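Novice: I have a structure I would like to understand better, so I am pasting it below and will then ask my questions one at a time.
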Amino acid sequence: VEAFTGTSNVLLAMDNDVEALGTNGHELPMVFAALANSEKELKQSPYKVLQDWQRYYGGNLLIVLPDAFGTASFLRDAPDWVAEWMGFRPDSAPPIDGG
């Protein structure tokens, strides 16, 4: 299939020798938020996930999932380095509504 470019499932990519690309799920920022010990840590939890994700995976897996707690607040408070990621995947709203 010519339209198939890869999968976000890292194990599937490894097992089938295909490109791993994509993002993590909403659960990671939710867990980081639940483990936060302060309001500051809570506010930084979505970005801490991305920092850890980048350190472990990098490359084609640097697709931001900005809508775990709302895309507008994510983008408003995002550090500058987030703009260096490969792309964004807001999936909790229709693309036109979500921006």
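Any read-out appearing in this document is the output of simple, stated calculations on the displayed coordinates, not a laboratory observation. Predicted model only: the values in this text are computed from it and were never measured. Cβ: placed from backbone, ideal geometry, glycine included. Neighbour counts: every protein chain shown.
Novice: Which loop chymotrypsin sites (Phe, Trp or Tyr not before Pro) in the stretch 1-89, with loop taken from DSSP, have no more than 10 other Cβ atoms within 10 angstrom of their Cβ? Before the final figure, lay out each step's value.
Specialist: Details: sites: 4, 32, 47, 53, 56, 57, 69, 74, 81, 85, 88; in loops: 4, 57, 69, 85.
The qualifying sites are 4.
Novice: With labels modelled as points extended 7 Å from the Cα through the Cβ direction, what inter-label distance (nm, one decimal) is found for residue 17 paired with residue 36?
Specialist: Going from the residue 17 label point to the residue 36 one covers 4.5 nm.
Novice: In terms of modelled amide H atoms, which long-range or inter-chain residues lie less than 5 Å from the amide H of residue 88?
Specialist: HN-HN under 5 Å from residue 88: 64.
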